[in-house]
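Below you'll find the structure, written out as structure tokens, and then a few comments.
The values are calculated or read from the model by the stated rules, or taken from the named source; none is laboratory data. Because the structure is predicted, anything quoted here is derived from the model rather than measured. Here the Cβ positions follow ideal geometry from the backbone for every residue, glycine too, while neighbour counts run over all protein chains shown. Heads up: the accessible areas ignore ligands, DNA and RNA and are worked out on the full protein's heavy atoms, side chains in. Shrake-Rupley method; radii C 1.70, N 1.55, O 1.52, S 1.80 Å.
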Amino acid sequence: MKDLDVITIGRAGVDLYGAQIGGRLEDMGSFEKYIGGSPTNIACGTSRLGLKTALITRVGDEHMGRFIREQLVREGVNVEGVATDPERLTALVLLGIRDEDQFPLIFYRENCADMALCEDDIDPEFIKRSRAVVATGTHLSNPKTEAATMKALEYARQYGARTALDIDYRPNLWGVAGHGDGESRFVESEAVTAKLLSTLHYFDLIVGTEEEFHIAGGSTDTVAALRNVRENSKATLVCKRGALGAVAFEGDIPDSLDDGQTGEGFPIEVFNVLGAGDGFFSGLLKGWMDCPDVDKIDWPTALKYANACGAFAVSRHGCTPAYPSLAELEFFLNRGVVQKDLRNDPALEQIHWSTTRHTRNAGDWSSLRTFAFDHRMQLEEMAGYTLEKGGAFKELCLEAALKVKGEEDGYGILTDNRIGRAALHAASGSGLWIGRPTELPGSRPIEFEPELGVDFGQFKEWARENVVKLLVFCHPDDDAETRALQEARVKTLFTAARNNNLEFLLEVIPSKVGPVDTHTTATLIRQFYEAGVYPDWWKLEPMATTEAWASAVAAIEEYDPHTRGIVVLGLDAPEAELAASFEVAASFPLVKGFAVGRTIFGDAARAWMTGDMNDADAVDQMSERFTRLCKIWDDARESARLNGE
């Protein structure tokens with residue numbers, strides 16, 4: 001059974017991308033961390049396009065190795081072929097964007113983990129499961145990694161899989177350029193040419209830039225180089241020509257590159273060419289693998305996909321993070337280029353964010369049962385409260401949440417940084433969904449916690465798994481000045497969250513402001529979308545009727561079909577009332593669960609603050625109540641499923 005579409009083999013490292021644009025690498029003050037290496041980028045790029053993809057490589061037995069493995073899983077890449085090397089460090093690359101023509105980079109790859117890949121790492125049964133195997137040139141530069149690559153290719157041939165090569169020529173990784181020449185794309189070398197020519201017969205598809213075909217074919221005349229390659233391989237040759245697009249040659253090489261097969265191109269602004277080739281190859285593989293007959297490939301369509309994916313790559317920061325999802329690619333191909341700087345196209349960026357957010361904040365949130373103890377004012381007003389006791393109590397709340405969660409997914413917490421800092425930090429990495437409030441409790445018009453800074457600069461310190469939560473007391477009948485002020489403040493916070501790669505939850509409570517009806521919440525939802533606010537999550541108060549919920553859900557789906565979903569808040573309601581509201585809400589798949597607080601912790605907090613309840617009893621009471629609410633929700637959802645709702 002072929003349960004994989006593509007296996008890539010070779011480099012896997014961590015890219016540290018300079019965050020400042022236009023400066024020297026020497027002057028970079030901060031960096032963004034991404035996974036990198038051509039085979040790794042291609043595996044992620046094809047996975048985003050819907051192909052079932054795997055990677056064969058090695059990573060170190062340390063933090064960066066674990067980061068690569070975890071990020072691959074988030075990207076949907078099979079990691080069965082990713083070995084952990086206990087003796088070597090994970091490869092590292094420092095990169096910068098100087099201008100449109102200069103992209104300095106330094107490879108830290110001395111005796112790195114992925115260059116220790118060997119024949120023992122190649123499992124024939126794993127290769128047998130794939131429809132295609134993709135190799136890259138760097139792993140032909142060393143006898144050990146070359147042997148591993150050749151073994152994989154031989155098994156691919158034996159088991160009827162397609163084979164492809166990304167020439168991926170980096171002169172300094174072949175030892176023909178210095179450490180400071182990472183940006184170099186071409187240095188002549190007879191030894192490199194000889195090595196490449198000796199392997200080309202293994203491949204059905206060979207992809208490279210003109211310079212890469214120069215090294216593969218041993219000539220700086222592109223047509224002559226392609227003809228030399230053709231003498232050694234029957235593969236389809238795809239030559240990338242930068243702004244001129246790309247051309248495919250299935251048979252003899254014509255006298256002009258313009259006579260090859262081409263695909264639609266996309267005139268866009270070039271921001272960052274690093275990783276563009278891997279994005280291009282991802283799109284090309286999508287078109288190549290979509291056709292079951294290797295002799296009847298629709299190359300114009302495959303090249304159109306490749307050109308589009310390359311366009312995304314050169315328009316954004318980073319390599320893998322820039323690559324599109326299938327939904328994004330389809331939207332782009334249907335709509336076309338609206339503005340050439342794609343990273344600043346609001347509609348495109350919203351689809352990119354919402355269809356790839358799982359790669360930044362992982363977890364199965366198809367169901368979300370949340371213990372909300374982000375309350376500040378309510379605790380501060382309790383008898384016996386002190387800041388120290390408040391923090392200690394929130395640690396007990398976290399203990400209760402983790403006790404209920406166990407080893408299962410789909411559980412979360414809401415906690416703050418002012419009182420609950422210890423709990424907030426302890427929750428990181430626990431597998432809980434973590435929401436963190438930003439509003440000043442009770443404020444209307446909305447005001448923010450001072451610690452965020454006037455420019456929300458504190459967001460750069462937040463853990464990426466923290467979700468920015470904002471509660472707004474608002475109503476469709478608000479006067480124009482209040483509405484405009486609140487919408488502007490929400491938009492500013494939302495924009496700051498997005499710029500810091502943080503998800504955003506918007507909670508609206510109209511019932512505390514004025515009377516509500518079937519359309520009140522839906523009207524507010526539309527108003528915020530029209531203001532340019534696209535929450536990843538909505539937190540809505542219980543609505544008594546199916547009609548009210550249907551109206552709210554329709555409003556969200558009208559503007560954002562890719563939203564994470566809705567959670568129902570509690571408003572300190574007793575369990576019986578919550579059960580009734582859950583029963584109505586659970587019939588809508590967009591409602592993922594609940595976020596309830598005082599119903600769970602209120603009694604325990606009041607007793608614990610005055611010394612009338614010990615730690616263990618407080619944890620037991622809260623975990624029991626949280627467990628009951630989870631069961632009430634799960635039962636409501638199961639009932640809705642059985643009723644076909």
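Annotations
- Here the condition is being modelled with pLDDT of 95 or more, assigned to a loop (DSSP other than H, G, I, E, B) and of a type in the set (Lys, Arg); of Arg489, Arg444, Arg464, it holds for Arg444 alone.
- Looking only at the stretch 275-323, and only at residues there that are of a type in the set (S, T, N, Q) and modelled with pLDDT under 95, the one that is nearest to the chain's Cα centre (by Cα): Thr320
- Selection status of His352, modelled with pLDDT under 95 and part of a helix (DSSP H, G or I): no
- Taking first residues from the stretch 151-174 that are under 21 Å from Lys240 (Cα atoms) and partners that are in a strand (DSSP E or B) and open to solvent by 30 Å² or more (accessible area, probe 1.4 Å), the Cβ contacts under 9 Å between residues at least 6 apart in sequence or on separate chains come to Ile167/Thr209; Tyr169/Thr209.
- Criterion applied to Val516, Val490 was being of a type in the set (A, V, I, L, M) and either touching a Cys at 6+ places or on another chain (Cβ under 8 Å) or under 30 Å from Gly431 (Cβ atoms) (or both), and the one residue passing it is Val490.
- Leading residue by the ranking (farthest from Ile509 (Cα to Cα)) among those in the stretch 537-553 that are of a type in the set (Val, Ile, Thr) and open to solvent by 20 Å² or more (accessible area, probe 1.4 Å): Thr546
- Pair list, Cβ under 9 Å, 6 or more apart: the stretch 95-120 residue in contact (Cβ under 8 Å) with a residue 60 or more places away in the chain and more than 30 Å from Lys151 (Cα to Cα), other residue of a type in the set (Ser, Thr, Tyr) and open to solvent by less than 80 Å² (accessible area, probe 1.4 Å): Leu95/Tyr17; Gly96/Tyr17; Ile97/Tyr17
- Close pairs (9 angstrom Cβ cut-off, 6 or more residues apart or separate chains): exposed (fewer than 15 other Cβ atoms within 10 Å of the Cβ) in the stretch 600-615, of a type in the set (D, E, K, R) anywhere: Asp612/Arg606; Asp615/Glu399
- Filtering the stretch 435-471 to residues that are β-branched (Val, Ile, Thr) and surrounded by 14 or more Cβ atoms within 10 Å (Cβ to Cβ) leaves Thr438, Ile446, Val467, Val468.
- Residue within the stretch 40-54 that is out of contact with any His (no Cβ under 9 Å at 6 or more places or on another chain), crowded, with 19+ Cβ neighbours inside 10 Å and part of a strand (DSSP E or B) present: yes
- Every pair of residues 6+ apart whose Cβ atoms lie under 9 Å, when the first sits in the stretch 474-490 and is touching a residue at least 24 places away in the same chain (Cβ under 8 Å) while the second is among the polar types (S, T, N, Q) and not in a helix (DSSP H, G or I): His475/Ser511
- Only one of the numbered conditions (1) outside any loop (DSSP other than H, G, I, E, B); (2) buried (at least 22 other Cβ atoms within 10 Å of the Cβ); (3) of a type outside the set (A, V, I, L, M) is not met by Cys474, and that is (1).
- Top-ranked residue of the stretch 149-175 - restricted to ones that are open to solvent by less than 50 Å² (accessible area, probe 1.4 Å) and at pLDDT below 90, ranked as farthest from Val294 (Cα to Cα): Asn172
- Failed condition for Asn499, given (1) within 17 Å of Glu439 (Cβ to Cβ); (2) of a type in the set (S, T, N, Q); (3) surrounded by fewer than 17 Cβ atoms within 10 Å (Cβ to Cβ): (1)
- From Leu284, Leu274, residue being hydrophobic (A, V, I, L, M, F, W, C), open to solvent by less than 20 Å² (accessible area, probe 1.4 Å), in contact (Cβ under 8 Å) with a residue 40 or more places away in the chain and over 26 Å from Ala161 (Cβ atoms): Leu274
- Restricting the first member to the stretch 291-313 and to residues that are over 10 Å from Gly265 (Cβ atoms), and the second to residues that are open to solvent by 10 Å² or more (accessible area, probe 1.4 Å) and β-branched (Val, Ile, Thr), the beta-carbon pairs closer than 6 Å and six or more apart or on different chains are Cys291/Ile297.
- Test: residue in the stretch 522-535 that is assigned to a helix (DSSP H, G or I), polar (S, T, N, Q) and either open to solvent by 40 Å² or more (accessible area, probe 1.4 Å) or farther than 21 Å from Trp433 by Cβ (or both): yes
- Qualifying residue in the stretch 440-447 (condition: of a type in the set (Gly, Ala, Ser) and at positive phi): yes
- A residue that is among the charged types (D, E, K, R), touching a residue at least 24 places away in the same chain (Cβ under 8 Å) and out of contact with any Gly (no Cβ under 9 Å at 6 or more places or on another chain) occurs somewhere in the stretch 491-498.
- Consider the stretch 397-412 and keep the residues that are of a type outside the set (A, V, I, L, M) and part of a helix (DSSP H, G or I). The one that is nearest to the chain's Cα centre (by Cα) is Lys405.
- Residue pairs whose Cβ atoms lie under 8 Å apart, sitting 6 or more positions apart in sequence or on different chains, and linking a residue in the stretch 445-472 that is farther than 27 Å from Val568 by Cβ to a partner that is basic (Lys, Arg) and surrounded by fewer than 21 Cβ atoms within 10 Å (Cβ to Cβ), are Glu451/Arg418.
- Cβ-Cβ under 6 Å pairs, at least 6 apart or on other chains, the stretch 538-566 side assigned to a helix (DSSP H, G or I), far side aromatic (Phe, Trp, Tyr): Trp549/Phe588; Val553/Phe588; Tyr559/Tyr529
- Residue among Ala327, Ala362, Ala306 that is open to solvent by less than 10 Å² (accessible area, probe 1.4 Å) and either under 30 Å from Ala132 (Cβ atoms) or not in a helix (DSSP H, G or I) (or both): Ala306
- Here Phe582 meets the list (1) in contact with a strand residue (DSSP E or B) (Cβ under 8 Å, 6 or more places away or on another chain); (2) open to solvent by 10 Å² or more (accessible area, probe 1.4 Å); (3) outside any loop (DSSP other than H, G, I, E, B); (4) not hydroxyl-bearing (Ser, Thr, Tyr) almost entirely, failing just condition (2).
- Residue match in the stretch 6-19 (condition: over 18 Å from Thr136 (Cβ atoms) and outside any strand (DSSP E or B)): no
- Qualifying residue in the stretch 337-348 (condition: under 30 Å from Gly602 (Cβ atoms) and either open to solvent by 30 Å² or more (accessible area, probe 1.4 Å) or modelled with pLDDT of 95 or more (or both)): no
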